[in-house]
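S.K.: Encoded as structure tokens, here's the structure I'll be asking about.
The values are calculated or read from the model by the stated rules, or taken from the named source; none is laboratory data. These figures come from a predicted structure and were not determined experimentally. Heads up, the Cβs are rebuilt from the backbone with ideal geometry, glycines too, and the neighbour counts pull from every protein chain shown. Side chains included, ligands, DNA and RNA excluded: accessible areas come from the protein's heavy atoms. Shrake-Rupley method; radii C 1.70, N 1.55, O 1.52, S 1.80 Å.
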Amino acid sequence: MPRPASPAAGARGTGAATREHVLAVAERLFAERGVDGVSMSELAAAGGVSKGNLFHHFPTKRALHLEVLRRACRDFGSLVEALGERGIAAGDRLERFARQHLELLESRPDAVRLVLRTLLDGPPEDAELLAREVFGEHFAALVERLRPLLPAGRDAGLTAFVLVAANVIRFLGRPLLPHLEGTEALRDPDRYARGLAALLGEAQR
């Protein structure tokens, strides 16, 4: 597999650019091989930075893992914020979120694999870390943004969980869809998002 490009010469001395580059490299390697399968020396070499520079930005591999997870979920937080936008019908907002979240997953396959690896292969404390330090705040915000969009009495927490889970399964199952009967709506992202929004929300339009 080809090595990722190192930071450009002008960016190499920029701490923020180097840090972002290392996070992108670590996301790919952690997703491919797991956190325990990659050493800090390998990360430094793959990122084109010195080991000392790597430890300057991330004093431990656990700290690096945490920042990679935060980076993986960063854009999700932006989508949640947009869900609270005024002037758009509730059902349309829910449909737009479902569509954009699916697009985000498809654009960041390494991030999805990393989160799944953390949940499936990591120790129990990694799942707690993911909930407490990374995803919990975004999920709580999603619940709050969904609550006014749903009929009275609808469980916003359950709806939020199913919405996220459905998109993850749709992303993972995409290679299967052409071979499964009755999945025409699932194959079309727009039809899928409309159907998911209607199924979950019966949102107030």
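S.K.: Of [x] 27, 20, 18; [y] 35, 19, 16; [z] 24, 21, 15, which one was derived for semi-axes √(5λ) of the Cα gyration tensor in Å from the structure shown?
M.R.: The calculated read-out lines up with [y].
S.K.: Ignoring ligands, DNA and RNA, please state the percent of accessible area on region 98-205 from carbon and sulfur, probe 1.4 Å.
M.R.: 58 percent
S.K.: The chain: longest stretch without exposed GluC sites (Glu not before Pro) (DSSP loop, at most 15 other Cβ within 10 Å), sites themselves excluded?
M.R.: For GluC sites (Glu not before Pro) (loop position, at most 15 other Cβ atoms within 10 Å), the longest site-free span of the chain is 86-180.
S.K.: Whenever you get a sec, compute what percent of the accessible area on region 30-84 sits on carbon and sulfur atoms (1.4 Å probe).
M.R.: Carbon-and-sulfur percentage of accessible area, whole number: 53.
S.K.: Taking the Cβ-Cβ separation of ALA24 and ALA165 as r and a Förster radius of 22 Å, what is the calculated FRET efficiency to the nearest 0.05?
M.R.: 0.25
S.K.: Whole number in Å², please: accessible area per residue of the chain, 1.4 Å probe, ligands, DNA and RNA not counted. Can you show the working numbers first?
M.R.: Working: 10760 Å² over 205 residues.
In whole numbers, the chain has 53 Å² accessible per residue.
S.K.: Where the centroid of each part is defined by its Cα atoms, how far is region 107-157 from region 33-78 in Å?
M.R.: So the two Cα centres are separated by 21 Å.
S.K.: What length, rounded to one decimal in nm, is gained on full extension from ALA140 through to SER78, with 0.36 nm per residue of separation minus their alpha-carbon distance? Present the calculation step by step, with values, prior to reporting the outcome.
M.R.: Details: separation 62, 0.36 × 62 = 22.32 nm, distance 1.34 nm.
Stretched fully, the ALA140-SER78 segment lengthens by 21.0 nm.
S.K.: Between GLY15, GLY122, GLY34, find the one with the highest GNM mean-square fluctuation for the chain; connect C-alpha pairs within less than 10 Å.
M.R.: Sorting by GNM fluctuation, first place goes to GLY15.
S.K.: Please find the FRET efficiency linking HIS56 to LEU116, where r is the Cβ-Cβ separation and R0 is fixed at 30 Å, and quote it to the nearest 0.05.
M.R.: Step by step, r from the Cβ atoms, then E = 0.50.
S.K.: Right, another one. For the chain, what relative contact order do you get, as a whole percent, if you take Cα pairs closer than 8 Å and at least 6 residues apart?
M.R.: Across the chain, relative contact order equals 23 percent.
S.K.: Right, next: What nm value, rounded to one decimal, do you get for the distance between ASP92 and LEU180 when each label is placed 7 Å out toward the C-beta?
M.R.: Placing both labels 7 Å beyond Cα along the Cβ direction yields 3.1 nm.
S.K.: Could you derive backbone 3J(HN,Hα) for region 60-76 from the dihedral phi with the Karplus parameters 6.51, -1.76 and 1.60 (θ = phi - 60°), listing whole Hz in sequence and x where the residue is Gly or Pro?
M.R.: Once rounded to whole Hz, the list reads 9, 5, 5, 5, 5, 4, 4, 5, 5, 5, 4, 5, 4, 9, 4, 5, 4.
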